[in-house]
Amino acid sequence: MTEKREYGDDYPDKTLYIPGPTEVREDVIEAMSEPMFGHRMDRMTDLYTTVVEDTKEFLGTDNDVVVLTASGTEFWEASTLNLVDENILVATCGSFSERHANVAERLGKNVDRLEYDWGRAVKPEDIRETLETSDTDYDVVACVMNESSTGVRNPIEEIGDVVAEYPDTYFVVDAVSSLGGDYVDIDEHNVDVIFASSQKAFAMPPGLAICAVSDEAYERELETDSASWYGGFQRTIDYYDRKGQTHSTPAIPIMLAYRKQMKHMLDEGHEARDERHHEMAEYTREWARDHFGMFPEEGYESQTVSCIENTQGIDVAGTIETVSEKYDFAFSNGYGSQLGEKTFRIGHMGEHDVESIEALTDAIEDVADL
Ligand SMILES: Cc1ncc(COP(=O)(O)O)c(C=O)c1O
């Protein structure tokens, strides 16, 4: 039985270097404290249409964009219900991609896994071979773009190009911890559905899920019996087209924060944002290789979350705790019992820059006596 632990008023603020939530700008936090208004008022239409159209512009996509009160998890479920009649192929290479497969199983779909050891990346040629040789007709191929548990960035552009050769198979990408910090040309690479959570590289508070949906995926939903109500592409997109609003009451304060932050993201532009993330990732990898090693297969390291192999056998949990106490910086241990002490993870996403990441690596060097 869980017992109540009264929430207090005096927690020290920690700078977040975990793989999300990440740091949120002060004016974005402040944007949430406006008096409430109704979700059917014109003001809501102004807010939601701004949020949706600005997101399309930032992502550089002509596909429809849905911003829903939920976390990214919603779109594991909704994309499966909306697009999969029977068969889905999920490439699994870590905890989150495995969970995607579990969700689809729970929904009663026939799930085939293309399994990789943790730390390895999904290869387009394996996807091609599976699609070419399998007797199963897959409704969906699903792949995580950034496997947050292992710090692997999968080559979803090349995988999308392979899936494009199979017009009856839809390509679903979990980009929860990378979209907004690692640019992908959605339209060019046949990505039918790509989704993210607001608290990761978008650097917003948690509570909204962002999803871009191709016209083909929208049409496909008409043919499936199991389409989701809450995350149905038709319901969400049609409601937007008719009214410029969401089908049910959204988390208005977080939408206000979203609007503010998306303006910052547009001011920076996706190319500059991508480049800044690239620089942070390069810096972190270089530091990691000087002192430890990188966990992911070489050439597939994430641009937003570095998973560092603890080759020195430092006390990961102890280091995290002392860095937190002494510097008020929070970073993460490895994922689950398998990687807990063998790796640690630094989230270099959102509004961080090389300088702020250097402050963390200096702190780790001090505490772990590197
Ligand atoms: C790759 C990936 N997919 C899905 C999720 C689930 O996202 P959420 O907790 O926002 O629903 C996470 C969360 O960390 C993730 O990293």
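The table below lists the values:
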item: Qualifying helices (runs of 4 or more DSSP H) (wholly inside the stretch 15-108; at least 3 residues being acidic (D, E) and either open to solvent by less than 40 Å² (accessible area, probe 1.4 Å) or away from the ligand (no atom under 16 Å from the Cβ) (or both)); result: 26-30, 42-59
item: Qualifying positions in the stretch 136-162 - assigned to a loop (DSSP other than H, G, I, E, B) and open to solvent by 20 Å² or more (accessible area, probe 1.4 Å); result: T136, D137, D139
item: Exclusive hit being away from the ligand (no atom under 16 Å from the Cβ), without any contact (Cβ under 8 Å) to a residue 60 or more places away in the chain and closer than 26 Å to S149 by Cα, set D328, D315; result: D315
item: Candidate set from the stretch 219-247 (those that are over 15 Å from L47 (Cβ atoms) and of a type in the set (S, T, Y)); member that is surrounded by the most Cβ atoms within 10 Å (Cβ to Cβ); result: T236
item: Only listed residue being at pLDDT 95 or above, in the same structural domain as Y283 (by TED's automatic domain parsing) and farther than 23 Å from E23 by Cα, chosen from I314, I357; result: I314
item: Residue that is farthest from N110 (Cα to Cα), among those in the stretch 163-190 that are open to solvent by less than 10 Å² (accessible area, probe 1.4 Å) and free of Cβ contacts under 8 Å to residues at least 60 places away in the same chain; result: V184
item: Number of the condition not met by E216 [criteria: (1) open to solvent by 40 Å² or more (accessible area, probe 1.4 Å); (2) assigned to a loop (DSSP other than H, G, I, E, B); (3) farther than 23 Å from T150 by Cβ]; result: (2)
item: Leading residue by the ranking (farthest from A121 (Cα to Cα)) among those in the stretch 151-180 that are more than 10 Å from the ligand (Cβ to nearest atom) and among the polar types (S, T, N, Q); result: T169
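The values are calculated or read from the model by the stated rules, or taken from the named source; none is laboratory data. From a predicted model like this one, the values you see are computed outputs, not experimental measurements. Here Cβ is always computed from backbone atoms with ideal geometry, including for glycine, and neighbour counts include all displayed protein chains. Surface areas here come from the heavy atoms of the whole protein model, side chains and all, with no ligands, DNA or RNA. Shrake-Rupley method; radii C 1.70, N 1.55, O 1.52, S 1.80 Å.
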